[in-house]
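Read through the structure below, which is laid out as structure tokens, and then see the notes.
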């Protein structure tokens, strides 16, 4: 029987981690992740989990210790935000290149400078090409569900890659929502026993991790990593199907909302998708065929499936809660544009940057964007391909 | 307490770093690693900071390591082994593993004194059951002899070359062994491959102590020290005999000098055979040499007083 509770996003993810009961957790405090790990530390102090905590002196060391612990041969978690993720950057590549299934909730927060502790996606976007799987979450329920599924995906023997579960700082991490918890036993059964692969602790079979590979074979290893990435979406769908059987909640590579017959559409990650769906409904009520696509598996990005889902639209706006400086457009825009590139007939694409540093994303912002898209769909003329919205002029 | 091993007994043990690795001829580091691994009666899992030792011992698809070994990055060998050790504790507690295993991290002076000191300090403070071994060759040798905070005063390096106005390194080296001892860990020591018996004894003692341990082992580099290929044991012995590298241990806060030179030799005996100090022997640098000797005398004096404090 599912238990219905009112909890913060941080609390929900901490509870998912308790239910999974990892062997080792190395972690360092940072706003807005801190509450999640405080809650998890409480589980440790009260014997609710078997987990050994490593309370490191920096995020660089938390990811470094996770690499050691994971290679040793057990289930490993950490969590971070913003500057902490940036400090881990070097070791993120080592975790994925070494094929270690470490799970890391990332409570999305802006990057400094200027210093800001509130929610935006700059942190995880900066780590989008590190070889980690990224699952993004609209609300506390999705963050909880994604966390549980992430273990099955990352630890799959065909993949063995680390995974981040992204949720919006404060907006989700610190807001109380109604969510449904699975039973402890159900989660335990769903994630299963951890299966070590070439563990360091198997002293009878000594292995060397982290070799030097020069011009002769480095490229072959990189190609192999790329080939593994291409298997991820299939596993994500299989795990989602199993999860649906257990929970009744359906997950895919992305969520489409009233998109099948839509003419205009929004692409938007995480919490702002909820606000946008309400406004899509209002436009539908007015007879305007609006829809929405919310990416879930953002890395590896399912280009083919996304392009296929969007190609019939007339005009699409990609809303980015991060900018890619010097890249002309926001990061999600670049991926959506790539996914549509192969099609002869494709929608007009525009890009809006919103909500940086925790700036509110309001229904009127979605309204303005959808109205603009309706105009583009009608006239084909575009006023501006990229602009910041909800910003002082 | 593990009993002391004789040379005969050591010679019968399996060497756990195999020949065929690609360290330079005459390098001190593989000798140090060989002695450390021979010293242990326990199975060892090792972490290795990026550096000469790491790049030369595991070039895919070959490895010189006959024990489980992990290289992560340059500055995080201590954090990495702390993760391995914690997983061991977790699985042992859960009854999934029952063997007694010991954990060692190896790092050069760059990866230990400089870029890795935060990770090392954190791991020592957290109390992991691990031994960190710094093989100190006194500069960034892997990248080509750049100055580190372990480089001694006056040494010629590629980033602080001795020139017409700069006489090599103009700062003192950091006393990392003291810094580690200040973490109040149960065991911190200095060793030298020239004094194998002392080195082996210290490793055996360290591995029998539960908790974080640190050993700083001088490791001559003929490329960087500009010395003869076959002089690494000679130079590490001179480092000890001149008190440039005193052999001591601090066990539970009590300092003990483990090897006292019968006759303290002048530091120039250690400096002279090394090309990196050649410029110091020019007449105009006489004062610098005198300064180096004075620094060594002062530190040796201080160390003896420190030991005397605890003498019963």
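Before moving on, here are some points about what is shown:
Condition check ((1) closer than 25 Å to residue A:194 by Cα; (2) facing chain A (nearest Cβ under 7 Å); (3) outside any loop (DSSP other than H, G, I, E, B)) across all residues:
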site	(1), (2), (3)
B:81	yes, yes, yes
B:89	yes, yes, yes
B:107	no, no, yes
B:112	no, no, yes
B:119	no, yes, yes
B:134	no, no, yes
B:143	no, no, no
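- For residue A:95, the conditions (1) farther than 23 Å from residue A:206 by Cα; (2) more than 7 Å from chain B (Cβ to nearest Cβ); (3) crowded, with 24+ Cβ neighbours inside 10 Å all hold with the exception of (1).
- Filtered residues of the stretch A:1-19 (kept if over 19 Å from the mean Cα position of the chain (by Cα) and within 23 Å of residue A:74 (Cα to Cα)): A:18, A:19
- The one condition in (1) within 14 Å of another protein chain (Cβ to nearest Cβ); (2) part of a loop (DSSP other than H, G, I, E, B); (3) touching a helix residue (DSSP H, G or I) at 6+ places or on another chain (Cβ under 7 Å) that residue B:41 fails to fulfil: (3)
- Residue B:76 more than 7 Å from every other protein chain (Cβ to nearest Cβ), crowded, with 24+ Cβ neighbours inside 10 Å and more than 18 Å from residue A:205 (Cα to Cα): no
- Breaking point among (1) over 14 Å from residue A:202 (Cβ atoms); (2) in contact (Cβ under 8 Å) with a residue 24 or more places away in the chain; (3) facing chain A (nearest Cβ under 7 Å); (4) not in a helix (DSSP H, G or I), for residue B:103: (3)
- Any hit, the stretch A:113-134, residues being within 12 Å of residue A:13 (Cβ to Cβ) and at pLDDT 95 or above: no
- Among the residues listed as B:123, B:139, the single one being buried (at least 24 other Cβ atoms within 10 Å of the Cβ) and within 14 Å of another protein chain (Cβ to nearest Cβ): B:123
- Candidates B:256, B:278, B:262, filtered to the one that is surrounded by fewer than 17 Cβ atoms within 10 Å (Cβ to Cβ) and in a loop (DSSP other than H, G, I, E, B): B:262
- Selection of the stretch A:202-253 for residues being part of a loop (DSSP other than H, G, I, E, B), within 14 Å of another protein chain (Cβ to nearest Cβ), in contact with a helix residue (DSSP H, G or I) (Cβ under 8 Å, 6 or more places away or on another chain) and surrounded by fewer than 18 Cβ atoms within 10 Å (Cβ to Cβ) yields A:202, A:213.
- Checked against (1) modelled with pLDDT under 95; (2) within 17 Å of residue B:218 (Cα to Cα), residue B:8 passes all but condition (2).
Yes/no per residue for (1) closer than 26 Å to residue A:51 by Cβ; (2) outside the structural domain of residue A:131 (by TED's automatic domain parsing); (3) free of Cβ contacts under 8 Å to residues at least 60 places away in the same chain; (4) in contact with a strand residue (DSSP E or B) (Cβ under 7 Å, 6 or more places away or on another chain):
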position	(1), (2), (3), (4)
A:157	yes, no, yes, no
A:165	yes, no, no, yes
A:178	no, no, no, yes
A:192	yes, no, yes, no
A:196	yes, no, no, no
A:207	yes, no, yes, no
A:210	yes, no, no, yes
A:222	no, no, yes, no
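- Pick from the stretch B:58-72, criterion touching a helix residue (DSSP H, G or I) at 6+ places or on another chain (Cβ under 6 Å) and within 8 Å of another protein chain (Cβ to nearest Cβ), ranking: surrounded by the most Cβ atoms within 10 Å (Cβ to Cβ): B:72
- Residue check for residue B:95: within 11 Å of another protein chain (Cβ to nearest Cβ), modelled with pLDDT of 95 or more, more than 22 Å from residue B:67 (Cβ to Cβ) and outside any helix (DSSP H, G or I): yes
- Checking residue B:198 against (1) under 10 Å from the mean Cα position of the chain (by Cα); (2) in a helix (DSSP H, G or I), the condition it does not meet: (1)
- Residue match in the stretch A:31-42 (condition: more than 9 Å from chain B (Cβ to nearest Cβ), free of Cβ contacts under 8 Å to residues at least 60 places away in the same chain and touching a helix residue (DSSP H, G or I) at 6+ places or on another chain (Cβ under 7 Å)): yes
- Count - residues of the stretch B:48-57 that are more than 7 Å from chain A (Cβ to nearest Cβ), surrounded by fewer than 24 Cβ atoms within 10 Å (Cβ to Cβ) and touching a strand residue (DSSP E or B) at 6+ places or on another chain (Cβ under 6 Å): 0
The values are calculated or read from the model by the stated rules, or taken from the named source; none is laboratory data. Here the structure is a predicted model, which is why all the values come from computation and not from measurement. All Cβ positions, glycine included, derive from the backbone under ideal geometry; neighbour counts span all protein chains shown.
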